[in-house]
Amino acid sequence: MHTKSIKELHKLLTDKKISAVELAQHFIDRALKHNPSLNCYINILSDEAKQQAKIADDKIFKKEGSLLTGIPFALKDIFCTSDMLTTCGSKMLSDFIPPYDATAYKNLKSSDMVLLGKTNMDEFAMGSSNENSFFGCVQNPWDLDCVPGGSSGGSAVAVAGGLSPVAIGTDTGGSIRQPASFCGITGIKPTYGRVSRYGMIAFASSLDQGGVMAKSAEDCAYVLQSLSGYDKKDSTSMPEDVPSYTESLNNSIKGKKIGLPTEYFANLDDDLKQIITTQIKEFEKLGAIIVDISLPHTDLSVPAYYVISSAECSSNLARYDGVRYGYSAKNPKNLEDLYLKTRTEGFGDEVKRRILIGTYTLSAGYYDAYYIKAQKIRHLIADDFNQAFAQVDILLTPTTPTTAFKKGDKQNPLEMYLSDIYTVAVNLSGLPAISIPAGFHQKMPVGMQLISPAFCEHRLLNFAHMYQAQTDHHLQTPSQVPQEKIL
């Protein structure tokens, strides 16, 4: 049941082969059984899921539902959910219950999807391994000794392990695509402004974007359709029409040009390069034309990203002071002591590190040297993409420089930050990108990234779907999580 696509689950529901309550219970049972070893859920919302499933069953009975009615999903614990705990993976918000719903969650509820639970994540979405959560590290279902990637590692593992058919994540510098790559699933980061950020707890406001993680590009298309759209509550939301992402899925890509940025392959491990190169031939079989291009400022993307994101993190996280909401230190001597103890005790090491970096780069005497210079580099990187898309329809790159690494392997923060080398430029430019499974290296998944011009998610999904229609990498399941036959 948990290996079926959204379309297959929808048919079972509408044919009355299974009820939405039974479907939700199936995934709840799997989550309760396997979450102790995977740690991908912070909260499994059994009662809430069954209540939502009953409403979905009623709509299906009345033939009032949509394709998504009754389909279960998991939600990264960075999205506010009224009357339900929203922790952001942090001690600072470990008892925070929001009074309202994030627009992204509200949109999915409007489609009558069923929320199974809130997924684990790097604290405040800061991390590339999901080792930075107050609630413990998430385990990769392909190898429990390896990280799942971050920061949306819990969402990726919930899908890869068959604990949810689809999950919602966020992507600030690769936090959907990198864990999708490490866990062997499909993950799409939409154009900045395509999905509302209202109710999505901020890390770096000019970079954060919600997106979808699922087994296939087709499933991502169905859910992204519901997730997307203009929201007047979000000042960064773009009033762009949302096309049908499913209508163009099967369009021919014959004659379309795919650009291979030389900078993304120059220092790639030979084995991974061979795997990606082999998969490029699948696109050639579909009639695509492969073109070598250059993105000359690629090597500047990581330092520019970490200056900008840390500066915005420093600003956004200043609100956690122990006074208004969230964790508050006990028995402070005075107001200054309250601030100091609350932030010392409430934040983890990685969050503190980025706050310090951001505060430093925004301070007098360093603002021009670091922050302003990083913003100028950001424009150069965006110009590189604009020039590339004048020549090609889409770009193809590796998603990550390695497969999933062992827990504890990257103790040096700079080494960890380089895990994002192929993903951060997309966020700096506000572009959409998708990671799709491209094979395996030493039994661990390898991801391949496609990048398109702004608001061309339909193009990404089309290319990804056509590739997946003739390959089966996205259909593989990890042996660490038993695929019991239930129902």
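None of the figures in this text is laboratory data; all of them are computed from the coordinates on show. Predicted model only: the values in this text are computed from it and were never measured. Please note: Cβ atoms are built from the backbone with ideal geometry, for glycine as well, and neighbour counts cover all protein chains shown.
Observations on the structure shown:
- Euclidean distance of C-alpha centroids, the range 24-71 and the range 388-437, integer Å: 32 Å
- Distance from the alpha carbon centroid of the range 219-281 to that of the range 307-371 works out to 35 angstrom.
- Taking amide H atoms as placed 1.01 Å from N in the peptide plane, the amide H of ALA433 lies under 5 Å from those of LYS189, each 5 or more residues away in sequence or on another chain.
- The mean of 1/r over all distinct Cα pairs in the range 1-123, once inverted, gives the Kirkwood hydrodynamic radius of 14.8 Å.
- Working from Cα pairs under 8 Å separated by at least six residues, relative contact order for the range 315-401 is 17 percent.
- Fraction of alpha-carbon pairs over 19 Å apart in the range 242-329 - percent: 67 percent
- Check: the range 251-352 dipole with +1 on Lys, Arg Cβ and -1 on Asp, Glu Cβ, in debye: 500 debye
- Rounded FRET efficiency, nearest 0.05, which uses the C-beta distance separating LYS406 from GLU282 and R0 of 25 Å: 0.25
- FRET E, pair ILE55, LYS7, Förster distance 22 Å, beta-carbon r, rounded to 0.05: 0.55
- Added length on full extension, which subtracts the Cα-Cα distance from 0.36 nm per residue, GLU415 to ALA390: 5.6 nm
- Rounded to the nearest whole Hz, the Karplus-based 3J(HN,Hα) values (6.51 cos²θ - 1.76 cosθ + 1.60, θ = phi - 60°) of the range 166-180 follow the sequence 8, 9, 9, x, 10, 9, 9, x, x, 6, 9, 6, 5, x, 4, with x at glycine and proline.
- Whole-Hz ³J(HN,Hα) from phi, Karplus 6.51 cos²θ - 1.76 cosθ + 1.60, for the range 184-193, glycine and proline x: x, 10, 9, x, 10, 9, x, 4, 4, x
- Built amide H within the under 5 Å cut-off of ILE290, gap 5+: ILE258
- Maximal additional length on extending the LYS373-THR359 stretch stands at 3.5 nm, based on 0.36 nm per residue less the C-alpha distance.
- FRET efficiency for SER248 and LYS62, using Cβ-Cβ distance with R0 set to 25 Å, rounded to 0.05: 0.20
- Other-chain or far-sequence residues with amide H under 5 Å of MET448's (modelled H): THR399, ILE436, ALA438
- Full-extension gain in nm, ASP15 to TYR325, via 0.36 nm per residue minus C-alpha separation: 106.9 nm
- Violating pairs (Cα-Cα greater than 27 angstrom) within the set LYS33/LYS54; LYS4/LYS407; LYS106/LYS352; LYS189/LYS233; LYS106/LYS189: LYS4/LYS407; LYS106/LYS352
- Phi-derived couplings, Karplus 6.51 cos²θ - 1.76 cosθ + 1.60 at θ = phi - 60°, listed residue by residue for the range 51-66: 5, 5, 5, 4, 5, 5, 4, 5, 5, 5, 4, 7, 6, 10, x, 9 Hz, with x used for Gly and Pro.
- Among (i) -0.50, -1.16; (ii) -0.43, -1.01; (iii) -0.57, -1.21, the entry derived from the coordinates for log10 I(q)/I(0) by the Debye sum over Cα atoms at q = 0.08, 0.12 Å⁻¹: (ii)
- Taking Cα centre as origin and charging only the Cβ of basic (Lys, Arg, +1) and acidic (Asp, Glu, -1) residues, the dipole magnitude of the chain rounds to 660 debye.
- A protection proxy built from the mean count of other Cβ atoms within 10 Å ranks the segments 378-385, 201-208, most packed first, as 201-208, 378-385.
- Modelled label reach - LYS109, point 7 Å along Cα→Cβ, the range 211-231 residues with backbone N closer than 17 Å: 226-228
- Cα centre as origin, Lys/Arg/Asp/Glu Cβ charges: the range 332-487 dipole, Debye: 320 debye
- A helix-only calculation puts the chain at -11000 deg cm²/dmol for mean residue ellipticity at 222 nm, using -39500 (n - 2.57) for each DSSP H run of at least four residues, averaged over all residues.
- Ordering ALA167, ASN386, ALA433 by the projection of their Cα atoms onto the charge dipole of the chain, which places +1 on the Cβ of Lys and Arg and -1 on the Cβ of Asp and Glu, puts ALA167 at the extreme positive end.
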